[in-house]
Each structure stands twice: as structure tokens, then as C-alpha cells.
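The values are calculated or read from the model by the stated rules, or taken from the named source; none is laboratory data. Model, not experiment: these values are computed from the prediction. All Cβ positions, glycine included, derive from the backbone under ideal geometry; neighbour counts span all protein chains shown.
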Amino acid sequence: MPTSPLDDSAAAHGPITAPGHLAEAAVADGDAAAVQPAGHGEESHGSLAQYLAVFAALCFLTTMSFFTYSSYWPWRDEPQVGWAFMMAVSCTKALLVVLFFMHVLWEANWKYVLTIPAAMMAIFLAVMLIPDIGLRNRMVAQERALHMARPADVSLLERAAKAANEGPHHADDHDH
């Protein structure tokens with residue numbers, strides 16, 4: 001029988017859960033807090049104020065997303081700017097949710113082993129698909145080419161929408 005919790009024979013049984021304590025010794029001493037895994041204590045996770053701040057940030061970012069569709073958005077004629085802005089806002093919101101509401105911020109360092117390779121693969125796949133998206137109209141079947149949208153089609157649709165918004169002239173206006 002070991003005489004102290006730090007005896008070599010006791011160290012072979014179970015993980016060390018707190019500096020200087022062994023799991024069996026902590027249970028024998030009635031120290032349940034030492035047995036609890038690190039990072040799962042009441043004080044280690046975010047407070048209510050922190051969660052409310054993250055919620056307020058999410059609300060603000062959602063408002064900024066809607067701002068891109070308002071008449072006050074300065075880049076209305078450049079949709080790529082709006083798309084890039086909304087992607088940045090969406091990624092920021094996803095990061096906040098994952099870090100705070102899914103408690104990844106308080107996880108052990110193994111989270112980097114999982115997330116960094118996955119993020120690198122996602123970026124790699126997106127970059128590799130850019131040529132496919134950009135060159136998708138170069139070599140297509142005739143059937144598909146007949147039904148593809150062209151810039152001229154867009155201008156025709158815009159003119160038709162403008163004519164529909166102006167509406168037909170009323171016969172009452174011409175009779176008088």
C-alpha cells in the first residue's frame with residue numbers, strides 16, 4: 001500500500017487530474033473538485049454577461065447583413081462587395097457561435113488538431129473549384145448552351161421589369 005499519494009506505485013493507476021493529486025487519492029480525501037476534469041468548473045466557462053455580449057454581437061452582425069440590402073448600402077451597384085461582406089459577417093457569426101455557445105473556447109488544445117486541417121482542406125477545395133466555376137461556360141453541350149442565361153437576357157429582363165413597374169396607361173387619362 002502506498003504511503004503517500006505521490007508514491008510511484010500509485011502513479012501507475014489512473015490519470016493525474018490536478019497538480020500533485022491522484023484521482024484515487026482525491027476521492028479518498030473527499031476532494032471531488034480535483035477529480036472533475038479541467039475546464040469544466042463553474043468559474044472556467046463564460047459568465048452570463050459574456051453570453052449576452054456575444055448575443056448582442058450576433059444581433060449586430062445580423063443587422064449588418066440586412067444593411068447590405070438597404071438603400072443606404074454604398075455599394076449597391078457592386079454585388080461582389082456585398083457578397084464578400086456577407087461572407088465575412090457569416091464567418092464571424094459562425095466563429096462566435098462555435099467558440100462560445102458550443103464551448104470550444106474552453107476545450108483542450110486538441111481542438112486545433114481537428115479544426116486547422118479541416119479549415120485548410122475547406123480553403124483548398126474552395127480555391128480548387130474557382131477555375132471550374134469561372135470556366136463553366138467554355139465547353140458545354142448544345143442543349144445546355146440553348147438554355148443558359150446570357151448578359152443580353154439579363155438586360156431584357158431588366159427592361160421588362162421596368163416596363164411592368166411603369167404599368168399600362170389608363171384609358172381614362174387619354175379620354176379627357
Working carefully through the options Pro117, Pro74, find the one that is at pLDDT 90 or above and either touching a Phe, Trp or Tyr at 6+ places or on another chain (Cβ under 8 Å) or not in a helix (DSSP H, G or I) (or both). Pro74
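Matching residues to (1) surrounded by 11 or more Cβ atoms within 10 Å (Cβ to Cβ); (2) within 16 Å of the chain's Cα centre (by Cα); (3) more than 23 Å from Gly46 (Cβ to Cβ):
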site: Gln80; (1), (2), (3): no, no, yes
site: Ala94; (1), (2), (3): no, yes, no
site: Val98; (1), (2), (3): yes, yes, no
site: Trp110; (1), (2), (3): no, no, no
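Can you tell me which residue within the range 124-143, out of those that are assigned to a helix (DSSP H, G or I) and surrounded by 10 or more Cβ atoms within 10 Å (Cβ to Cβ), is nearest to the chain's Cα centre (by Cα)?
Here is the first cut: in the range 124-143, the residues assigned to a helix (DSSP H, G or I) are 124-134, 142-143.
Checking which are surrounded by 10 or more Cβ atoms within 10 Å (Cβ to Cβ) leaves us with 124, 126, 129.
Details: Phe124: 17, Ala126: 15, Leu129: 20 Å.
Taking the candidates together, the pick is Ala126.
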Pick from the range 54-68, criterion β-branched (Val, Ile, Thr) and either touching a residue at least 24 places away in the same chain (Cβ under 8 Å) or in contact with a helix residue (DSSP H, G or I) (Cβ under 6 Å, 6 or more places away or on another chain) (or both), ranking: farthest from Leu96 (Cα to Cα): Thr68
